[in-house]
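Structure, as structure tokens:
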Amino acid sequence: MSKHLKMLLRGTLPEDELKVLYSSYDIIGDIAIIKIPESIMHNKHVIGKMLIENIKNIKTVLNQSNSVSGEYRLRGVDFIAGQEKYLTIYKEFGCKFLVNVATSYFSPRLSTERLRISELVRSGESVLNMFAGVGTFSVVMVKKKPIRVLNIDSNLDAYILSVINSNINRAGQRIVSLHGDARKILQSPNYLNSFDRILLPLPERAHEFLDVALSSLKPSGGTLHFFSHVKSETKKNAVSDSETHVTRLLSKFDCSYQIDHTQIVRDVAPRIYQTVTDLFVRRK
């Protein structure tokens with residue numbers, strides 16, 4: 001959020017505590033998620049109350065107690081102020097999404113990326129979203145273009161929400177959601193050589209699924225949107241480092257490819273960047 005927490009709390013917290021406070025926070029629906037350093041945790045209720053009183057529509061404030069981690073990419077969240085709840089409705093580009101911030105991965109900071117990819121999709125395509133989460137990428141794409149999408153996610157809660165979100169947005173007939181491991185599901189003959197476009201929005205582990213993604217593309221070739229976490233000494237080098245990473249991975253497979261575009265999606269940590277590479281791939 002652009003409205004800095006430090007500005008709201010100036011005059012309420014001592015200056016030495018303001019210095020260690022993170023300015024930015026996420027708002028998902030009517031839930032605000034902030035990060036409070038351990039050294040000022042004793043003022044968590046003051047901070048939460050200030051957010052609710054000053055930011056329109058916020059009903060709940062949660063503290064992010066740990067970074068995204070684990071198989072389902074969850075972040076620990078603890079209740080601070082307002083209504084104690086974790087389920088909310090999030091709106092984006094005319095779509096509505098039911099999100100549980102405690103049990104399924106979701107980031108409002110990927111909204112620009114979701115819109116960007118939806119504008120690249122072509123009418124009539126068959127699209128695979130290998131790590132669909134609550135279905136946000138898929139719904140935004142389907143609302144933009146007449147396409148069909150297969151969602152896969154191993155998190156049962158995320159899968160259930162993806163089905164609900166497809167129906168909320170009247171996209172249920174064009175989105176099929178499956179619960180399970182993408183590798184196992186895509187071994188079915190039903191999905192071999194089937195897709196024009198594949199999303200791999202799991203930057204920590206997408207490289208582990210590159211082989212099944214390639215086997216799922218149509219023989220004539222298709223587009224991959226490959227997400228990575230790349231360590232680079234400078235932000236300027238992150239794009240080239242990411243493309244080097246993708247090139248190294250694809251050198252293990254018998255395929256031809258063309259990288260169309262790479263960009264930084266967001267900063268993850270000091271000198272670590274989340275990137276996405278769009279590339280056209282054809283198996284030989």
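The values are calculated or read from the model by the stated rules, or taken from the named source; none is laboratory data. Every value quoted in this text rests on a predicted model; they were computed, and no experiment measured them. With ideal geometry, Cβ positions are generated from the backbone for all residues, glycine too; neighbour counts draw on all protein chains shown.
Test residue 177 against the criterion of being in contact with a strand residue (DSSP E or B) (Cβ under 7 Å, 6 or more places away or on another chain) and over 30 Å from residue 89 (Cα atoms), and give yes or no. When the stated conditions are applied, residue 177 does not pass them.
Within the range 15-29, the presence of at least one residue that is part of a strand (DSSP E or B), under 30 Å from residue 167 (Cβ atoms) and either assigned by TED's automatic domain parsing to the domain that holds residue 131 or among the acidic types (Asp, Glu) (or both) is confirmed. Scanning the range 81-101 for residues being free of Cβ contacts under 8 Å to residues at least 40 places away in the same chain and not charged (D, E, K, R) gives a total of 4. Taken over the range 31-68, residues that are outside any helix (DSSP H, G or I), in contact (Cβ under 8 Å) with a residue 40 or more places away in the chain and of a type outside the set (A, V, I, L, M, F, W, C) amount to 0. Does residue 224 satisfy the criteria of being outside any helix (DSSP H, G or I) and closer than 17 Å to residue 141 by Cβ? Criteria met by residue 224. For the residues 271, 283, the requirement of being more than 21 Å from residue 193 (Cα to Cα) and either at pLDDT below 95 or more than 21 Å from the chain's Cα centre (by Cα) (or both) singles out 271. A search for C-beta distances below 7 Å between a residue of the range 223-247 that is touching a residue at least 12 places away in the same chain (Cβ under 8 Å) and under 25 Å from residue 211 (Cβ atoms) and any residue that is assigned to a helix (DSSP H, G or I) and among the charged types (D, E, K, R), counting only pairs 6+ apart in sequence or on different chains, returns 230/241. Restricting attention to the range 133-146, report how many residues are closer than 15 Å to residue 100 by Cβ and not in a helix (DSSP H, G or I). Residues meeting the conditions: 3. Of the set (1) surrounded by fewer than 19 Cβ atoms within 10 Å (Cβ to Cβ); (2) more than 15 Å from the chain's Cα centre (by Cα), all apply to residue 108 but (2).
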